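Worksheet: one structure, shown below.
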Amino acid sequence: MVSALERAHKRANRSAMGLKMAFRRKTRCPFLDHENRPIVLHGSHHKVGTSWMQKVLRSISAEYGLRFQVCKQADLDPHTDVFFQSHSRFDLNQFTHFRGSHMVRDPRDVMVSGYYYHLWTNEEWANIPMSSFGPEVRRAWEHVPFDEAGDLSYKGFLNSLDREAGLAMEIRRAATTVMRGFTSWDYQNPAFYELRYESMIEDETAVFEQLFRHYGFTEQAVARCVGLAEACSFRNQAKRDLGRVDNKSHMRSGLPGQWRDELSEAHRVLFKELNGDALVRMGYEHDVDW
């Protein structure tokens with residue numbers, strides 16, 4: 001049991017941290033317009049640098065005493081300064097003044113990464129029997145054969161399949177989850193800076209400089225935030241060189257285009273059947289003959 005003294009220490013620590021953050025918020029401001037600062041929105045998708053960008057934005061928020069929150073918009077605190085939405089689901093009509101960013105990645109690499117991640121993940125949804133899923137999930141996963149899974153979890157189901165069938169299953173699941181998130185997004189909204197995972201891997205510094213200027217940061221803050229972002233870089237997070245594959249890493253590999261070595265011709269046909277010209281519309285291919 002936690003003693004009264006330990007509880008008092010925890011309360012004191014929380015209070016001290018709150019005061020420290022409040023002081024930073026009053027004395028440091030990264031925005032050019034101090035009086036009319038926007039709320040910063042970041043839209044992500046599963047397996048699209050989510051952990052990476054959370055660390056970057058948390059670090060910046062801590063540096064400047066900004067309130068950072070990862071949640072559904074329905075649970076958003078009205079005093080939040082930086083709102084991270086893991087599935088890019090925003091009701092923008094609820095914000096009067098915002099600057100945003102949105103990140104995408106080649107969907108084929110997303111599906112390969114998702115397959116290996118879901119083989120071992122401890123996320124709750126992937127470890128409960130698929131037979132317990134309600135009609136809403138079943139409709140959302142319309143291409144997934146629930147009858148074949150029986151009482152297995154999604155993780156268990158993938159592990160019961162060979163690699164060829166498992167990757168096909170992830171392509172089926174992602175077609176109505178990740179892909180719908182990608183294709184339903186408004187890429188023409190000037191308030192959002194569109195980030196490509198591949199461009200960030202190629203030159204993190206240049207992309208982050210542009211991103212922080214888009215948020216409306218001062219040049220001094222841009223320089224400081226680029227330094228903070230570098231401390232959270234993919235190389236530092238993964239603690240290995242880009243390209244080394246670890247099937248049990250949340251960030252399995254940073255090299256774009258690994259789908260070429262992973263997806264068979266049957267996988268490519270299935271992807272096109274379920275997603276049509278989505279890659280062309282997203283700018284990842286010039287036509288469907290890839």
Take segment 184-207 and flag every residue that is free of Cβ contacts under 8 Å to residues at least 40 places away in the same chain and either assigned to a helix (DSSP H, G or I) or open to solvent by less than 30 Å² (accessible area, probe 1.4 Å) (or both).
Ser184, Ser199, Glu202, Glu204, Thr205, Ala206, Val207
Tell me whether segment 92-102 contains one or more residues that are in contact with an Asp or Glu (Cβ under 6 Å, 6 or more places away or on another chain) and open to solvent by 40 Å² or more (accessible area, probe 1.4 Å).
no
Out of the residues in segment 103-127 meeting the condition of being open to solvent by 40 Å² or more (accessible area, probe 1.4 Å) and outside any loop (DSSP other than H, G, I, E, B), tell me which one is farthest from Arg196 (Cα to Cα).
Asn127
How many residues of segment 146-159 are over 24 Å from the mean Cα position of the chain (by Cα) and open to solvent by less than 20 Å² (accessible area, probe 1.4 Å)? The answer is 2
Output the residues belonging to segment 85-95 that are outside any strand (DSSP E or B) and either at pLDDT below 95 or within 13 Å of the chain's Cα centre (by Cα) (or both).
Ser86, His87, Ser88, Arg89
Which members of segment 161-183 meet the condition of being of a type in the set (A, V, I, L, M) and over 17 Å from Gly43 (Cβ atoms)?
Leu161, Ala165, Leu167, Ala168, Met169, Ile171, Ala174, Ala175
Residue list for segment 208-237, filter: free of Cβ contacts under 8 Å to residues at least 12 places away in the same chain and either within 13 Å of Cys29 (Cβ to Cβ) or crowded, with 18+ Cβ neighbours inside 10 Å (or both)
Gln220
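Considering only residues that are within 15 Å of Leu274 (Cα to Cα), of a type outside the set (Val, Ile, Thr) and open to solvent by 50 Å² or more (accessible area, probe 1.4 Å), which ones fall in segment 160-183?
Arg172, Arg180
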For residues in segment 26-66 being assigned to a helix (DSSP H, G or I) and basic (Lys, Arg), which is surrounded by the fewest Cβ atoms within 10 Å (Cβ to Cβ)?
Lys26
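The values are calculated or read from the model by the stated rules, or taken from the named source; none is laboratory data. Bear in mind that the values here come from a model prediction, so they are computed numbers and not experimental data. Heads up, the Cβs are rebuilt from the backbone with ideal geometry, glycines too, and the neighbour counts pull from every protein chain shown. These area figures cover heavy atoms from the full protein model, side chains too; ligands, DNA and RNA do not enter into them. Shrake-Rupley method; radii C 1.70, N 1.55, O 1.52, S 1.80 Å.
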